[in-house]
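Before any comments, here is the structure.
The values are calculated or read from the model by the stated rules, or taken from the named source; none is laboratory data. What you are looking at is a predicted structure, and each value in this text was computed from that prediction instead of being measured. As a convention, Cβ positions derive from the backbone with ideal geometry for all residues, glycine included, and neighbour counts pool all protein chains shown. Calculation scope for accessible area: heavy atoms of the full protein, side chains included, ligands and nucleic acids excluded. Shrake-Rupley method; radii C 1.70, N 1.55, O 1.52, S 1.80 Å.
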Protein chains: 4
Amino acid sequence: MPRISEQRRAAQRQRILDAAMASFEKAGPDGASMQDIIAESGMSAGAIYRYFDSKEAIIEAVATERHEHEKALLADAMTVGFPDGLRQFMNAYFDWVADPAEAQRRRVAVHIWARAQHDERLRQIVTEGLAPLKDVASVLADAPLPAGVDPDMFARVLLAVIQGFLLQRSWEPDLDPQKYRDTVNSLLHLLNRS
Amino acid sequence: MPRISEQRRAAQRQRILDAAMASFEKAGPDGASMQDIIAESGMSAGAIYRYFDSKEAIIEAVATERHEHEKALLADAMTVGFPDGLRQFMNAYFDWVADPAEAQRRRVAVHIWARAQHDERLRQIVTEGLAPLKDVASVLADAPLPAGVDPDMFARVLLAVIQGFLLQRSWEPDLDPQKYRDTVNSLLHLLNRS
Amino acid sequence: MPRISEQRRAAQRQRILDAAMASFEKAGPDGASMQDIIAESGMSAGAIYRYFDSKEAIIEAVATERHEHEKALLADAMTVGFPDGLRQFMNAYFDWVADPAEAQRRRVAVHIWARAQHDERLRQIVTEGLAPLKDVASVLADAPLPAGVDPDMFARVLLAVIQGFLLQRSWEPDLDPQKYRDTVNSLLHLLNRS
Amino acid sequence: MPRISEQRRAAQRQRILDAAMASFEKAGPDGASMQDIIAESGMSAGAIYRYFDSKEAIIEAVATERHEHEKALLADAMTVGFPDGLRQFMNAYFDWVADPAEAQRRRVAVHIWARAQHDERLRQIVTEGLAPLKDVASVLADAPLPAGVDPDMFARVLLAVIQGFLLQRSWEPDLDPQKYRDTVNSLLHLLNRS
DNA sequence: TATGAATGAGCGTTCATTCAT
DNA sequence: TATGAATGAACGCTCATTCAT
């Protein structure tokens with residue numbers, strides 16, 4: 001009975017997602033055609049549609065994959081308190097932002113962000129990916145923050161610091177992540193002294 | 001010998017760009033068809049192609065318009081020194097980020113950002129729009145910054161703080177700009193005490 | 001201004017419908033592809049979609065055209081009473097069934113009939129095309145019909161006599177319409193004597 | 001050396017034909033996909049192709065089945081002479097037309113009729129199904145028919161009366177078969193008096 | 001024998017762009 | 001100058017059929 005194993009099924013799915021990532025990186029989800037994904041994956045049109053209902057479903061799976069990756073990344077950063085958990089949170093992100101192997105994912109992320117503005121399903125996936133913010137905020141709530149600093153908003157500032165850098169580096173690949181990271185860390189040290 | 005006045009030509013151009021912005025806001029530049037822009041502008045297909053060579057040219061013009069707007073916005077914020085110029089720089093941006101009339105432009109900006117990753121012309125327009133960073137950095141270079149804080153990178157952090165918020169609010173329109181702004185300002189106050 | 005005249009628009013529409021009829025005759029609406037209609041019409045894909053929203057819309061237009069033709073055909077047959085109006089009704093149909101120029105339309109009609117079973121819009125078009133039955137029935141209602149003969153059902157019998165022959169001749173083109181018609185007329189004469 | 005018994009083979013074949021009938025009834029042979037038939041039968045794609053060479057072969061088998069059914073139906077109606085054999089012929093048909101259990105077969109029949117116009121094999125099956133006409137005609141040939149009534153053509157009229165009603169009822173399921181039948185029988189009684 | 005994953009040609013339709021009027 | 005009808009390549013997707021297991 002040729003019913004394929006769960007393992008093979010997962011591998012084929014991943015093959016498609018990898019091909020989609022590669023295609024999306026080059027031209028964005030709209031610029032990449034199904035033919036591109038088909039060629040990149042080495043599979044046939046029909047085969048791909050056994051794993052995903054539509055191109056849209058592939059885009060959503062790519063978005064989901066990215067956020068699962070992100071959540072796993074941050075899961076254990078949140079196990080320690082302020083200010084060490086905070087530092088780990090930022091470091092986990094910065095490691096991702098600096099990792100050459102993740103360049104593709106970062107570039108595709110920007111397309112997902114743009115698309116999430118119109119696509120309700122994608123918007124949900126993206127905002128659910130913002131969940132770690134809650135954890136960061138609850139850690140910050142117990143910390144001696146300067147007056148006027150809201151824990152929720154501070155968490156968003158930290159995320160923005162990452163997102164903005166990811167964006168800037170997507171246009172200027174030569175931007176040095178280490179220098180940026182050092183500056184951010186130096187700024188965060190001001191908190192300890194307050 | 002221009003058959004139509006320069007003034008009329010500019011007005012027609014603007015009409016197309018406004019229609020494009022409206023169309024792009026709804027579905028992004030890829031999701032919006034030339035037919036959408038044609039319908040929204042009330043002009044004919046042929047007429048539009050007298051003002052712009054291609055859809056791509058319209059997208060570039062939209063991107064350029066946005067960055068000219070941005071530059072004008074920041075031009076006079078840079079006339080005073082640290083820390084007042086810095087505050088004005090941030091306030092100018094925050095006013096834009098909070099202005100309901102600018103919602104359309106902000107949403108389209110995210111698409112431009114994504115597209116700039118692949119489109120060289122767009123990338124140049126976007127990175128040229130980053131010019132104010134240089135001015136901010138040169139102001140910061142003369143300021144008594146904490147140890148380890150690079151002026152160029154600090155300027156990027158400030159930009160990131162805006163960009164990230166713009167992004168987050170594009171997915172969660174209810175996010176309160178005032179609360180975010182207050183937290184950012186409170187954090188920046190730490191600099192004065194250092 | 002190249003906005004085409006109403007006349008040209010109607011001509012183009014007809015060109016598409018004629019091409020569709022020719023294509024449908026050869027292979028039925030499902031067997032004929034849009035490419036067939038495009039080739040047959042000598043128009044481009046895009047042009048056709050300016051006149052019809054979809055292939056389905058073309059099929060509906062073909063069905064509508066056929067029934068408008070039919071209604072016009074029967075309109076004046078109904079101006080006289082029994083038994084002359086009845087004879088004219090049948091003759092009008094028989095002339096159509098025997099007319100070589102109408103062979104295409106007859107063959108396509110059978111496909112429309114089949115399709116009308118599932119397609120609600122088509123079903124409405126087809127059943128509205130049955131309207132003449134009401135007129136025939138009302139003429140028959142005033143006639144001295146034999147006992148047990150319901151005017152509505154008799155009208156349906158008459159229609160069935162046509163439909164069935166159309167069907168039989170679609171499989172056996174050599175069937176002689178004249179012989180069939182003579183036999184039907186002879187049978188109808190029995191009514192006069194009753 | 002058949003690995004499976006002839007009996008099982010026939011049962012499997014029937015299972016496929018039943019699934020095909022059910023699928024064709026819903027959407028016609030073109031609207032129904034092999035996947036539909038596969039799902040409806042509970043068999044696998046590969047299994048079905050061991051019993052039928054192609055979808056076309058299934059359609060032909062469905063058509064053949066229908067006409068075998070029809071022939072069996074009429075076989076013994078033809079054992080008696082005019083006018084009783086005639087009445088039995090019509091009654092056998094009318095029973096089929098009124099039988100709710102045969103609704104599926106009737107609806108599919110219309111599709112077969114349409115398709116038989118282009119498909120030579122189907123046309124042969126359908127015209128061979130018209131064989132009873134010959135028997136009816138030969139019975140009628142010995143009967144005292146009114147002047148101008150050709151036995152062959154009269155047989156066709158009788159068939160048309162059935163076919164047309166089947167068609168009309170496929171669009172208007174509420175049509176009362178009994179009323180139609182009564183009217184037809186009343187009309188046929190005129191023959192006795194002539 | 002039976003399975004269902006895989007194939008890839010072909011489907012209906014859309015789109016940015018052109019050009020006769 | 002302006003119009004919008006026309007183009008035709010390319011799109012996302014489905015399908016009957018095959019064949020490795």
Less than 18 Å from a label point 7 Å out along the Cα-to-Cβ axis of C:ASP176: which backbone N atoms in segment D:120-137 qualify, by residue? D:134, D:137
Can you give the three extents of the C-alpha atoms in segment C:134-190 along their principal axes, from longest to shortest, in whole Å? 38, 21, 17
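Could you work out the helix-only [θ] at 222 nm for chain A, with each DSSP H run of four or more residues adding -39,500 (n - 2.57) and the total divided by the number of residues, to the nearest 500 deg cm²/dmol?
When only DSSP H runs of four or more count, the value is -24500 deg cm²/dmol.
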Beta carbons within 10 angstrom, averaged per residue: use that to sort the peptides C:146-155, D:111-120, highest first. D:111-120, C:146-155
What is the Cα coordinate range of the protein assembly as shown on the first, second and third principal axes, sorted by size from largest, in whole angstrom? 123, 80, 40
Expressed as a whole number, the average count of other chain Cβ atoms within 10 Å around the Cβ atoms of A:181-191 is 6
Output row for C:GLN88: copy-to-copy label distances, label 7 Å along Cα→C-beta, ascending, in nanometres, one decimal, is 4.5, 9.3, 9.6
Once you place label points 7 Å from the Cα toward the Cβ at D:SER54 and C:ASN185, how far apart are they in nm? 4.5 nm
With a 1.4 Å probe and all protein chains kept in place, how much accessible area does C:LYS55 have, in Å² rounded to the nearest 10? 50 Å²
Over chain B, what is the relative contact order in percent, taking alpha-carbon pairs closer than 8 angstrom and at least six residues apart? 19 percent
Partner chain coverage, peptide C:136-146 - average Cβ within 10 angstrom: 1
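Pull out a ≥ b ≥ c, the square roots of the eigenvalues of the alpha-carbon gyration tensor of segment A:1-52, then state rounded if a/c is under 1.5, prolate if not and a/b is larger than b/c, and oblate in the remaining case. Walk me through the numbers before you get to the answer.
Values: a/c = 3.10, a/b = 2.13, b/c = 1.46.
Verdict is prolate for segment A:1-52.
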Cα centroids of segment D:39-115 and segment C:161-193: how far apart, whole angstrom? 25 Å
Output ³J(HN,Hα) for segment A:146-163: one whole-Hz value per residue in order, computed from phi by the Karplus curve 6.51 cos²θ - 1.76 cosθ + 1.60 with θ = phi - 60°, and x for Gly and Pro. x, 4, x, 9, 7, x, 4, 5, 4, 4, 5, 4, 4, 4, 4, 4, 6, 4
At a Förster radius of 45 Å, what calculated FRET efficiency corresponds to the Cβ-Cβ distance of B:GLN35 and A:ALA101, to the nearest 0.05? 0.60
Please calculate how many Å² of accessible area segment C:53-187 carries per residue, with a 1.4 Å probe and no DNA, RNA or ligand atoms counted. 39 Å²
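Please state the relative contact order of segment C:15-99 as a whole percent: Cα pairs under 8 Å, 6+ residues apart?
21 percent
Defining a contact as two alpha carbons under 8 Å apart and six or more residues distant in sequence, what relative contact order in percent does segment B:99-191 show?
Values: 31 pairs, mean separation 21.8, N = 93.
It comes to 23 percent, rounded to a whole number.
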Over its alpha-carbon atoms, chain C yields an Rg and a Dmax in Å of 19.2, 68
Show me you know the interface measure: the accessible area buried between C and D, both chains summed, probe 1.4 Å, in Å² to the nearest 100. 4300 Å²
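When Cβ neighbours within 10 Å are restricted to other protein chains, what is their mean count per residue of peptide D:30-39?
Values: counts 7, 4, 0, 0, 0, 0, 0, 0, 0, 0.
That average works out to 1.
How much of the accessible area of segment C:59-193, probe 1.4 Å, is carbon plus sulfur, in whole percent? Walk me through the intermediate numbers first.
Details: 2600 of 5290 Å².
Ligands and nucleic acids excluded, carbon and sulfur reach 49 percent.
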